[in-house]
Amino acid sequence: MSVETYIYTGDEPLNREPPLEQLIAHFITEKDGFDRNHSSIPVINEDAHSLQVDGLVQNLLSLTVSSLATEFPQHTVICALQCAGNRRHTMRTQLKEVQGIDWFDGAVMNCIWTGPRLRDVLLRAGLKIREGKVQTEGEEQGHVLFACHQQPTEDDSYYGGSIPLARAMRVDADVIIALKMNGKPIPPAHGAPIRIIAPGIAGARSVKWLDKITVSETESPNFYQQRDYKILPPTVTDGEKAKEWWDKVPAIQDMPVNSVVAIPANDSTVELGEDGCIEVRGYALPSGDHGPVDKVELSGDEGASWVEAEILSAHGEPRLLEIPKDVGLKWAWSLWRGRVKAEKGKGKRVLSRATDKGGNMQVECPEWNLRGVAYNGYGEARNLEVV
Ligand SMILES: Nc1nc2c(c(=O)[nH]1)N[C@H]1C(S)=C(S)[C@@H](COP(=O)(O)O)O[C@H]1N2
Ligand SMILES: [Mo]
């Protein structure tokens, strides 16, 4: 299925991405973020909804949405939320066919999320320390499982995912139970009334319509943690071979450093400026918690030479929403613009390559994997006609 267009018409799970030009028009994605669903969208009565907290905790909790809003400090985070399948189209067309929805480069959005820290809710529940095990802050053993039982999913009876407990407990990892998106109640498609936001981690773990949190020694047993969203080795070339590999390969957590050329679009005609350059624009994403991306380079000669692009200010124009001044940008995307030397003619290509604050530089091309996940080859605009 192609999700190139941004029109939704059916009862099928809603999966769509905006045109790139529209996506990078604003630092905060307020309208037209991407949608990724493994079920239809549940309509939840917020007043009747509750969140259960169980597993390796001292006190079982049942929290209403209003108690999450009033009994815990509220924390705001700006982060890029990306599907692990973002850019799959490039992997399947440039490397080899893969299995999965045909995402182009727009399965990402950069939003402002607000709600209690997951850590504070887990502290209220009280972690159960296992006999003889010292739990050092930031090194807690185990996992936090998130689940939504509101709808059966395409491949399981519910939706679930998990992250390491240590990540959830780290104050600076900013994992929250979001009640607001861009300062307003979360829209139904994005997880109303509550969802997990796990910055830097593949979107699949940011469980929407959250109704249960479980602290466990093992990861989520859900299909989408165990049998999907994993980078299988390149020798696994079909679903049959994958069967013996799923249990040996880790579930994706942190996403890799990435960048995408949004303008010019593939196959378009661009005018050469008087400076012998063409204008190039796009976005860049950091690797896991090593953000933000603070360097983007561009090449018009197949990577022989690179010129630095300008990272646009998050607080500059154009923007629709005011960005809270005290909120960091470590998890956010970087929008950038640059000019790169080009020659007139057909079949030209422009490349982009990002480096994040942790020094992680985008690779030219990652290895092929059956599910086409975590593709982070150089950003590119191909087959340009420069006139
Ligand atoms: N309950 C539930 N949560 C979910 C999903 C889902 O299908 N059901 N999809 C996940 C995936 S794979 C991604 S990439 C993100 C997408 O978030 P969005 O639809 O708000 O963009 O939500 C995640 N959370
Ligand atoms: Mo996803």
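In the set (1) open to solvent by 50 Å² or more (accessible area, probe 1.4 Å); (2) on the phi < 0 side of the Ramachandran plot; (3) in contact with a strand residue (DSSP E or B) (Cβ under 8 Å, 6 or more places away or on another chain), the condition left unmet by Glu302 is number (2).
Could you go through region 181-204 and let me know if any residue there is in a strand (DSSP E or B) and surrounded by fewer than 18 Cβ atoms within 10 Å (Cβ to Cβ). Within region 181-204, one or more residues are in a strand (DSSP E or B) and surrounded by fewer than 18 Cβ atoms within 10 Å (Cβ to Cβ). Against the test of being surrounded by 12 or more Cβ atoms within 10 Å (Cβ to Cβ) and in contact with a Lys or Arg (Cβ under 7 Å, 6 or more places away or on another chain), the options Ala251, Ala242 yield a single qualifying residue, Ala251.
Go through region 310-358 and give me each residue that's under 22 Å from Val257 (Cα atoms), among the hydrophobic types (A, V, I, L, M, F, W, C) and in a loop (DSSP other than H, G, I, E, B). Residues satisfying the conditions are Leu312, Ala314, Val327, Leu329, Trp331, Ala332, Trp333. Please verify whether His75 is out of contact with any Phe, Trp or Tyr (no Cβ under 8 Å at 6 or more places or on another chain), within 16 Å of ligand 1 (Cβ to nearest atom) and farther than 30 Å from Asp102 by Cβ, treating the condition exactly as stated. When the stated conditions are applied, His75 does not pass them. Against the test of being touching a Phe, Trp or Tyr at 6+ places or on another chain (Cβ under 6 Å) and assigned to a loop (DSSP other than H, G, I, E, B), the options Asn45, Asn86 yield a single qualifying residue, Asn86. Under the condition of being of a type outside the set (Phe, Trp, Tyr), part of a loop (DSSP other than H, G, I, E, B) and in contact with a Ser or Thr (Cβ under 8 Å, 6 or more places away or on another chain), the residues counted in region 292-309 number 3. Tell me which residues, restricted to region 93-118, are more than 16 Å from ligand 1 (Cβ to nearest atom) and touching a strand residue (DSSP E or B) at 6+ places or on another chain (Cβ under 7 Å). Those that are more than 16 Å from ligand 1 (Cβ to nearest atom) and touching a strand residue (DSSP E or B) at 6+ places or on another chain (Cβ under 7 Å): Pro116, Arg117. Residue check: Pro234 meets all listed conditions (1) of a type outside the set (S, T, N, Q); (2) surrounded by fewer than 18 Cβ atoms within 10 Å (Cβ to Cβ); (3) more than 30 Å from Leu95 (Cα to Cα) but one, namely (3). Checked against (1) touching a residue at least 12 places away in the same chain (Cβ under 8 Å); (2) farther than 19 Å from Val363 by Cα, Ala262 passes all but condition (2). Is region 271-288 home to any residue that is part of a loop (DSSP other than H, G, I, E, B), among the hydrophobic types (A, V, I, L, M, F, W, C) and at pLDDT 95 or above? For region 271-288, residues part of a loop (DSSP other than H, G, I, E, B), among the hydrophobic types (A, V, I, L, M, F, W, C) and at pLDDT 95 or above: present. Give the residues of region 67-83 that are outside any loop (DSSP other than H, G, I, E, B) and either among the acidic types (Asp, Glu) or in contact (Cβ under 8 Å) with a residue 12 or more places away in the chain (or both), sorted by residue number. Correct list: Leu68, Ala69, Gln74, His75, Thr76, Val77, Ile78, Cys79, Ala80, Leu81, Gln82.
Listed conditions (1) more than 22 Å from Lys184 (Cβ to Cβ); (2) buried (at least 19 other Cβ atoms within 10 Å of the Cβ); (3) without any contact (Cβ under 8 Å) to a residue 60 or more places away in the chain are all met by Leu63, apart from (1).
The values are calculated or read from the model by the stated rules, or taken from the named source; none is laboratory data. All of these numbers come straight from a predicted model, not from anything done at the bench. Note that we place each Cβ from the backbone using ideal geometry, even for glycine, and neighbour counts take in every protein chain shown. Each accessible area value is taken on the protein alone, full model and side chains, heavy atoms only, with ligands, DNA and RNA left out. Shrake-Rupley method; radii C 1.70, N 1.55, O 1.52, S 1.80 Å.
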